[in-house]
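Report on the following structure.
The values are calculated or read from the model by the stated rules, or taken from the named source; none is laboratory data. If you're wondering where the values come from, they're calculated on a predicted model, not measured in any experiment. Please note: Cβ atoms are built from the backbone with ideal geometry, for glycine as well, and neighbour counts cover all protein chains shown. Side chains included, ligands, DNA and RNA excluded: accessible areas come from the protein's heavy atoms. Shrake-Rupley method; radii C 1.70, N 1.55, O 1.52, S 1.80 Å.
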Amino acid sequence: MDSAMVEIDGSVMEGGGQILRVSAALSCITGSSVKITKIRAGRSTPGLRPQHLSGLQMVSDLCSGSLEGAAIGSTDISLTPGKMQSGSHTADTQTAGSVCLLLQAALPCALFSDASSQLCLKGGTNAEMAPQIDYTVKVFKPMVERFGVHFDCDIRMRGYYPKGGGELMVTVNPVKELLPVILTERGNITKIYGRAFVAGVLPYKLAKDMSAAAVRTIRKEIKELYINIPALQEKENAYGSGNGIIIIAESSTGCVFAGSALGKKGVYADKIGIEAAEMLLRNLRHNNCVDEFLQDQLIIFMALAKGTSRIRTGAVTLHTQTAIHIAEQLTQAKFTITKCEDEQGSNETFIIECEGSGAVNKHL
C-alpha cells in the first residue's frame, strides 16, 4: 500500500465526472490514496451529483475503502483504499443518472478482485451526456474484451430521463493482468445495424420515423450495405417514457463504431434519426479503429495493461486527454500521441500509444 496521498485537481482539462471515475478506480487498483479537490468546479452545479456519489460509494465498497467528504455538492473528497471485495455490490443514483457511467468506474476495480463480482446498477440506461446501455453492450464490451476483460450485462429494466428507474446486473470476472491491444487496421465496414425504440406513452410511429430517417441519411454515403434498424416498442422492461436510436457499424477487422441520439421534447423524430446517422458517418469517414466516444473509455485499460498498446483514432478528445493525464499521475503508464502522416485532406488521424504499467491482480 502506498501511504502518500496523491492530490488530483478535479477542475483540470475536461473538469467533469470522468476525473472522479478514473481517479477512484485507479486508487482502488493501485492501493494509492487519492484526494480530489475542486470537483466539477466549472459546472453550473459544481461538486458531486447523485450519480457521482453513488459511483464513488460503489468503488469504495469494492476496495473496502474509507471515503471522506462524500456528500451531494461536495467539491473535495478523499479515498483511502483497503482490501478488494468481490461479491455483490449495489449503486443506485435514485435519479436518471447513467448506469453506464457507474459501470465505467466500477468495472476496472472488479477486474482486480479475488473472485467474480455482481454489480447491481440503478438509474438511467439511456441518458443524455453518457453512453446508452446499447453502446456499452455492443461497442464498449467487445472492444475491451481484447484486453482480456470479461463481463456479462443483464438489462433488467430500461430507465429514461427524468425518472430513471433502470436496472442493470453486471457480472465481472477477475483477471490476473490485462493484455495490451493493437488496433491500427480498420479494414472495411461489413455490417450496419441498430435499434430505434419508443417506450411508455410515446407512439410507435416515432421509432419508425427515426429508423427511416437514419437509413436514408446513411444510404447517401454507403450504398452497398444492407442497413438493419428495426423499430421497437418497449413495453415490459421499460420504466417511464423515452425514445432514441443507436446505429452500429462493424469492420472486417472487428472494430465497432456507433452513432446514437435520444428524443427530446419538441424535436421531430426524423431529426433524431439523422443526428445518430451523421454521428456514425462522421466516425466512419476517418480510417480509425475506435469512435470518438470509445477513445477515452479505453485509456484506463491501456494504462493498466502489461505491454505496449496502440490505438488508431481521430482527433484526440479533451475527455481522452484528461483520462491520460489522470492515468499518468496514478500509474507508471506512459502515453504518446503521434499524428499519422499517411492521411489525405483534413481527416486527422492519430496513434495513441501506451507503455502500460502492468498492474497485477495480487488477489488471484
Could you grab the pairs with beta carbons closer than 8 Å, sequence gap of 6+ or different chains, first residue in segment 9-37 and at positive phi and surrounded by fewer than 20 Cβ atoms within 10 Å (Cβ to Cβ), second one among the polar types (S, T, N, Q) and at pLDDT 95 or above?
Met13/Gln321; Met13/Thr322; Gly15/Thr322
Quick check on Glu292: is it among the acidic types (Asp, Glu) and open to solvent by 70 Å² or more (accessible area, probe 1.4 Å)?
no
Hey, among the residues in segment 258-280 that are among the basic types (Lys, Arg) and free of Cβ contacts under 8 Å to residues at least 12 places away in the same chain, which one's nearest to Thr125 (Cα to Cα)?
Lys264
How many residues does segment 199-243 contain that are surrounded by fewer than 18 Cβ atoms within 10 Å (Cβ to Cβ), of a type in the set (Ser, Thr, Tyr) and not in a loop (DSSP other than H, G, I, E, B)?
1
Enumeration of residues in segment 14-60 that are polar (S, T, N, Q) and assigned to a helix (DSSP H, G or I)
Gln18, Ser23, Ser27, Thr30, Gln51, Ser54, Gln57, Ser60
Would segment 322-339 turn up any residue that is open to solvent by less than 20 Å² (accessible area, probe 1.4 Å) and of a type in the set (S, T, N, Q)?
yes
Within segment 81-129, can you find the residues that are touching a helix residue (DSSP H, G or I) at 6+ places or on another chain (Cβ under 8 Å) and in a strand (DSSP E or B)?
His89, Thr90, Ala91, Asp92, Ser98, Ser117, Leu119, Leu121, Lys122, Gly123, Gly124, Asn126
Filter segment 61-73 down to residues that are open to solvent by 10 Å² or more (accessible area, probe 1.4 Å) and either part of a helix (DSSP H, G or I) or farther than 18 Å from Gly87 by Cα (or both), then give me how many there are.
9
